[in-house]
Amino acid sequence: MTQTPLNPGDSPLVREALSSVVSRETSATQAVTQAGDAPGGAESTWPRPPKCRVIAVANQKGGVGKTTTSVNIAAALSMNGQRVLVVDLDPQGNASTALATEHRGDVPDVYQVLVDDLPMADIVKQVPDMPGLYCAPATIDLAGAEIELVSLVAREARLRRALTAYEAELDYIIIDCPPSLGLLTVNALVAAEEVMIPIQCEYYALEGLGQLLRNVDLIKAHLNPTLRLSTIVLTMYDGRTRLASQVAEEVRAHFGDTVLNTVIPRSVRLSEAPSYGQSVMTYDPGSSGAMAYMDAAREIAHRAATV
């Protein structure tokens, strides 16, 4: 790593600050290296769950980091020996973009699985240069699925049926939900056993949380009794603001151990990575965002033993 030069005329305070920056950068790089860059790396001993964990990443509020969380948690898990499938259930297809999976034109996608009963195996693609990571892409056609599913038999369970019939050996299935509580999100919650909720560390992020939790309870009562809220991830955390700390404290006070210890900071690299068809884990593994998602994925993996 290139060291930041210290000018002879710098004051002791400046030298101390610059040295601190260099030290943090060095620590970040070393930590990512220690975490392992591929299956079989230094931490390939992350525990595998007893059975495949199906996790729906849901929040009807847009812009809270659902796709960013889905993609980077999946990438971090796969880099440490886990076999992971990301199901892109958002018509915008942002998860497919971030995982460099073709999702335009006539590419078979989740829409055809839900509406036309196409086998999941026919649409799943391996993510380039990421062994153990797979993606079921979404195209814009999925935008019409909300209407077309209404008239279909067992409309709430179409995704669960498709995943049950998919016989690949997987450790995790992560479903990236759209920013709504419509039939696509209902399908995800019926198919999943766990719900992961990313919560932006701002006041508005808390306003719609109650409605989401009520929907989870309804689905648990009527459609999927095994569903549970397993994980809350605090995203877009800005330690410079008092509000972010207050929101984090309030969420932790209410949800306790469901909230990951790791918080995801605001990071330009997290926004840049998808434009290169990558997760931040490969785009800039030394960045604060990549380090945070690696830690978050480690927490999730070590909770596997209790699932």
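Structure data summary
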| quantity | calculated |
| --- | --- |
| Count of segment 95-147 residues which are under 16 Å from the mean Cα position of the chain (by Cα) and part of a strand (DSSP E or B) | 4 |
| Test result for Glu156, over 26 Å from His302 (Cα atoms), touching a strand residue (DSSP E or B) at 6+ places or on another chain (Cβ under 9 Å), acidic (Asp, Glu) and not in a strand (DSSP E or B) | no |
| Qualifying residue in segment 222-235 (condition: among the hydroxyl-bearing types (Ser, Thr, Tyr), under 18 Å from Gly62 (Cα atoms) and part of a helix (DSSP H, G or I)) | no |
| Any hit, segment 168-181, residues being modelled with pLDDT of 95 or more, charged (D, E, K, R) and closer than 17 Å to Gln92 by Cα | yes |
| Out of Gln211, Gln200, sole residue that is touching a Ser or Thr at 6+ places or on another chain (Cβ under 6 Å) and either among the hydroxyl-bearing types (Ser, Thr, Tyr) or under 30 Å from Tyr111 (Cα atoms) (or both) | Gln200 |
| Residue check for Leu234: surrounded by 15 or more Cβ atoms within 10 Å (Cβ to Cβ) and touching a Pro at 6+ places or on another chain (Cβ under 9 Å) | yes |
| Segment 155-185 - residue that is of a type in the set (Val, Ile, Thr) and under 18 Å from the mean Cα position of the chain (by Cα) and, of those, nearest to Ala145 (Cα to Cα) | Thr185 |
| Test: Leu77 is in a helix (DSSP H, G or I), within 18 Å of Val57 (Cβ to Cβ) and within 16 Å of the chain's Cα centre (by Cα) | yes |
| Of all residues in segment 253-274 being charged (D, E, K, R) and surrounded by fewer than 16 Cβ atoms within 10 Å (Cβ to Cβ), the one that is nearest to Glu299 (Cα to Cα) | Asp257 |
| Residue in segment 130-147 that is of a type in the set (D, E, K, R), out of contact with any Gly (no Cβ under 7 Å at 6 or more places or on another chain) and within 22 Å of Cys52 (Cβ to Cβ) present | no |
| Index of the failed condition, Pro47 passing every other in (1) farther than 19 Å from Ala273 by Cβ; (2) in a strand (DSSP E or B) | (2) |
| Filter result (surrounded by fewer than 21 Cβ atoms within 10 Å (Cβ to Cβ) and outside any loop (DSSP other than H, G, I, E, B)) within segment 80-94 | Asn94 |
| Single residue of Ala168, Ala191 found to be surrounded by fewer than 17 Cβ atoms within 10 Å (Cβ to Cβ), touching a Leu at 6+ places or on another chain (Cβ under 8 Å) and touching a residue at least 60 places away in the same chain (Cβ under 8 Å) | Ala168 |
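Here is a yes/no grid of residues against (1) farther than 24 Å from Glu299 by Cβ; (2) of a type in the set (Gly, Ala, Ser); (3) within 19 Å of the chain's Cα centre (by Cα):
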position: Glu207; (1), (2), (3): yes, no, no
position: Gly210; (1), (2), (3): yes, yes, no
position: Arg214; (1), (2), (3): yes, no, no
position: Thr226; (1), (2), (3): no, no, no
position: Thr231; (1), (2), (3): no, no, yes
position: Met236; (1), (2), (3): no, no, yes
position: Leu243; (1), (2), (3): yes, no, no
position: Glu249; (1), (2), (3): no, no, no
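The values are calculated or read from the model by the stated rules, or taken from the named source; none is laboratory data. No experiment lies behind these values; they were computed from the predicted model shown. All Cβ positions, even for glycine, are placed from backbone atoms using ideal geometry, and neighbour counts span all protein chains on display.
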